[in-house]
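Report on the structure given below.
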Amino acid sequence: MPQLQDRLDTAAAVPAVVDLPTAATMLGIGRTLAYELVRTGRWPTPIIHIGRLIKVPKAALLELLRAA
């Protein structure tokens, strides 16, 4: 599992809004779990629904990673 600093460094290189699989990777969890968390309302950051797409603001991910 990547260390926190590695995940923060990776996060700095991504766009302002990322797709859910990318966000899951940044948090160190799998894609399937990420979709399950969104489906059940337990995803830990705000999400943006654009039609069927699920986007996650990078700022919220960074905040969550720094709080860990």
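Please indicate, with yes or no, whether at least one residue in segment 23-44 is among the basic types (Lys, Arg) and either at pLDDT below 90 or in contact with a strand residue (DSSP E or B) (Cβ under 8 Å, 6 or more places away or on another chain) (or both).
Just the residues of segment 23-44 that are among the basic types (Lys, Arg), to begin with: 31, 39, 42.
Next cut, either at pLDDT below 90 or in contact with a strand residue (DSSP E or B) (Cβ under 8 Å, 6 or more places away or on another chain) (or both) only: none.
The answer is no, given that none of the residues of segment 23-44 is among the basic types (Lys, Arg) and either at pLDDT below 90 or in contact with a strand residue (DSSP E or B) (Cβ under 8 Å, 6 or more places away or on another chain) (or both).
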*Give segment 26-42 a look and list any residue that's within 20 Å of ALA68 (Cα to Cα) and in contact (Cβ under 8 Å) with a residue 12 or more places away in the chain, or say none.*
MET26, LEU27, GLY28, ALA34, VAL38
*segment 1-19, subset in a helix (DSSP H, G or I) and over 11 Å from LEU61 (Cα atoms), residue modelled with the lowest pLDDT*: THR10
_Candidate set from segment 52-68 (those that are at pLDDT 95 or above and over 20 Å from ASP6 (Cα atoms)); member that is surrounded by the fewest Cβ atoms within 10 Å (Cβ to Cβ)_ = LEU53
*Scan segment 30-47 and give yes if some residue there is under 19 Å from ASP6 (Cβ atoms) and of a type in the set (Gly, Ala, Ser), otherwise no.*
yes
*Only residues in segment 54-68 that are of a type in the set (Lys, Arg) count as the first member; pair them with residues that are part of a helix (DSSP H, G or I) and surrounded by 17 or more Cβ atoms within 10 Å (Cβ to Cβ), Cβ under 8 angstrom, at least 6 apart or cross-chain, and list the lot.*
LYS55/LEU20; LYS58/ALA11
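The values are calculated or read from the model by the stated rules, or taken from the named source; none is laboratory data. From a predicted model like this one, the values you see are computed outputs, not experimental measurements. Positions of Cβ are generated from backbone atoms using ideal geometry, with glycine treated the same way; all protein chains shown enter the neighbour counts.
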